[in-house]
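Enquirer: Let me give you the structure first, and then I'll get to my questions.
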């Protein structure tokens, strides 16, 4: 089955966006800049420009067509003009591995409303049922308690620590590894 570019849940729409949505994406990042930057690598200065986001969206769209990587943007059905989150499926490995790495971030104004769980649950079904992958990994900073709880509720199992795996703002950070195998997801 070929993966689609748009999906729905009860309350949400998940979409792979064309580069014409650069202004929406930029606004999402600007609205959450202080929170997101704590958990991400340093960004180039031009990241917070519409031109940069347009280029990035085009690249992401091309990767999604090839199923090399996929980024879904999350919208509430009641307001499809406002992005409330994004879920990425990266490092897709075929062959003997059939695995990927899941990433996500949500607008702080929409935390603790079940939107992350609802949209990630849908994404998990896409990964296993449509992309035919066997294993999903997620990497979490040890102090990100909310994210670890979310992963556990989704059925992910802690597997250990990747020591000093990513450099954030000049400092090497450890990440805890969580994984979910096809057939384990309780949602």
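Just so you know, all these numbers are worked out from the coordinates, no wet-lab data involved. In this text, all values refer to a predicted model and were calculated from it rather than measured experimentally. Here Cβ is always computed from backbone atoms with ideal geometry, including for glycine, and neighbour counts include all displayed protein chains.
Enquirer: Please work out whether the stretch 96-187 counts as rounded, prolate or oblate from its C-alpha gyration tensor, where a ≥ b ≥ c are the square roots of the eigenvalues and a/c under 1.5 means rounded, while otherwise a/b larger than b/c means prolate and anything else oblate?
Expert: Oblate, because a/c is 1.5 or more while a/b does not exceed b/c.
Enquirer: Calculate, in nm to one decimal, what residue 48 and residue 164 gain on full extension: separation in residues at 0.36 nm each, minus their alpha carbon distance.
Expert: Here the answer is 39.0 nm.
Enquirer: Pick out which of 158, 44, 18 has the largest mean-square fluctuation in a Gaussian network model of the chain, springs linking Cα atoms closer than 10 Å.
Expert: Highest fluctuation of the listed residues: 44.
Enquirer: Between residue 27 and residue 93, what FRET efficiency follows from the Cβ-Cβ distance if R0 is 45 Å, with the result rounded to 0.05?
Expert: With a Förster radius of 45 Å, E is 0.85.
Enquirer: Give me the percent of DSSP beta bridges within the stretch 6-181 that run antiparallel, rounded to the nearest 5.
Expert: DSSP beta bridges in the stretch 6-181 are roughly 90 percent antiparallel.
Enquirer: Let me ask another. Remind me, what semi-axes does the chain give for its equivalent ellipsoid, largest first in whole Å, using sqrt of 5 times each Cα gyration tensor eigenvalue?
Expert: Taking √(5λ) for each eigenvalue gives 23, 21, 17 Å, largest first.
Enquirer: When the chain is modelled as a GNM with alpha-carbon springs shorter than 10 Å, which of 123, 100, 59 fluctuates the most?
Expert: Judging by the Gaussian network model, the answer is 59.
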